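K.L.:
One structure, pasted below without further comment.
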Amino acid sequence: MNLSRIALATGVAASTVLLLAGPAAAHVSVQPQGEAAKGGYATLNFKVPNERDQASTVKLEVNFPAEHPLSSVTPEAVPGWKIEITKGKLDKPLEVHGRKITEAVTKVTWTADGSKIEPGYFQQFPVSVGRLPEDADQMIFKAIQTYDNKEVVRWIEEPKASGEEPDSPAPVLALSAASDDHHGGGAAGDDHAADDKATDKAASAEGDKKETHAASSSSSDTTARTLGIIGIVVGIAGVAFGVLAGRRRTA
């Protein structure tokens with residue numbers, strides 16, 4: 001009987017721990033599609049779970065780190081959600097592909113517009129970004145989650161030096177080693193790589209076109225010269241034939 005009571009008490013305690021650990025683990029997070037390489041481009045997914053049983057998430061605000069401004073931030077359209085992009089002036093302009101960038105995105109806000117994240121569900125909000133910093137191992141995106149009962153949850157606490165997870169951790173993006181092509185992984189990297197390939201292909205096609213035109217011109221010139229020589233020969237032959245015919249008539 002004592003053993004049964006102990007086992008029951010242990011089971012209840014374990015269940016309580018699981019129940020308490022569940023909500024704490026379900027927080028706003030960020031993960032790249034593929035990899036997020038230093039100096040490259042990537043598509044990031046901000047994953048937002050609904051932690052409440054009696055309320056739905058209707059708004060998400062993601063703040064982009066000011067210490068690592070990004071020259072390009074393009075959110076993907078999410079059905080049922082309105083997107084607002086906030087920009088700010090840079091203290092130090094960025095130079096990307098030979099042009100200066102004087103402002104960068106500081107925040108992206110998704111607001112429910114015919115949709116919401118109901119209890120027991122999560123929603124992903126994709127964003128194409130670049131170029132990622134080369135002098136950092138991670139990026140911290142502080143997020144604010146709002147429910148339809150007016151509750152606001154701030155996921156803004158940075159990682160602790162001890163490695164212990166804070167109560168309301170901010171989404172952290174780990175950056176991988178820089179790749180040779182600086183395009184990074186994921187859809188965004190593929191898109192930029194595709195653009196470069198398209199440019200190279202167009203340049204190659206233009207070069208082939210010029211070479212073909214040059215070859216055609218050369219061939220035309222050769223043909224013209226040949227026909228000219230043949231005409232001269234025929235002309236000379238005609239003159240010679242005329243002279244001979246005249247002599248025969250005189251004789």
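K.L.:
Scan the range 23-37 residue by residue and report those that are in a loop (DSSP other than H, G, I, E, B), at pLDDT 90 or above and either touching a Pro at 6+ places or on another chain (Cβ under 8 Å) or open to solvent by 30 Å² or more (accessible area, probe 1.4 Å) (or both).
P.N.:
Passing the criteria: H27, V28, Q33, G34, E35.
K.L.:
Right, another one. For the range 83-114, enumerate the residues that are among the hydroxyl-bearing types (S, T, Y) and farther than 26 Å from I144 by Cα.
P.N.:
T102, the sole residue that qualifies.
K.L.:
Considering only residues that are under 16 Å from V73 (Cα atoms), open to solvent by less than 50 Å² (accessible area, probe 1.4 Å) and assigned to a loop (DSSP other than H, G, I, E, B), which ones fall in the range 106-134?
P.N.:
L132, P133
K.L.:
In addition: Of the conditions (1) loosely packed, with under 13 Cβ neighbours inside 10 Å; (2) closer than 11 Å to L60 by Cβ, S162 clears all except one; give me its number.
P.N.:
Among (1) loosely packed, with under 13 Cβ neighbours inside 10 Å; (2) closer than 11 Å to L60 by Cβ, the lone unmet condition for S162 is (2).
K.L.:
Just to be sure, is V58 of a type in the set (A, V, I, L, M), farther than 19 Å from Q33 by Cβ and in contact (Cβ under 8 Å) with a residue 24 or more places away in the chain?
P.N.:
Judged against the criteria, V58 is a match.
K.L.:
Any residue that is at pLDDT 50 or above and more than 30 Å from P133 (Cα to Cα) - is there at least one of those in the range 61-80? Show your work before the answer.
P.N.:
Within the range 61-80, the first condition is being at pLDDT 50 or above, and the residues that meet it are 61-80.
Keeping just the survivors that are more than 30 Å from P133 (Cα to Cα) gives 79-80.
Yes, that holds for at least one residue.
K.L.:
Please specify each residue of the range 47-105 satisfying the condition of being of a type in the set (F, W, Y) and either open to solvent by 30 Å² or more (accessible area, probe 1.4 Å) or outside any loop (DSSP other than H, G, I, E, B) (or both).
P.N.:
Correct list: W81 only.
The values are calculated or read from the model by the stated rules, or taken from the named source; none is laboratory data. Quick caveat, the model's predicted, so the values are computed rather than measured. Positions of Cβ are backbone-derived with ideal geometry, glycine not excepted, and every protein chain shown enters the neighbour counts. The area values use the complete protein model at the heavy-atom level, side chains included, leaving out ligands, DNA and RNA. Shrake-Rupley method; radii C 1.70, N 1.55, O 1.52, S 1.80 Å.
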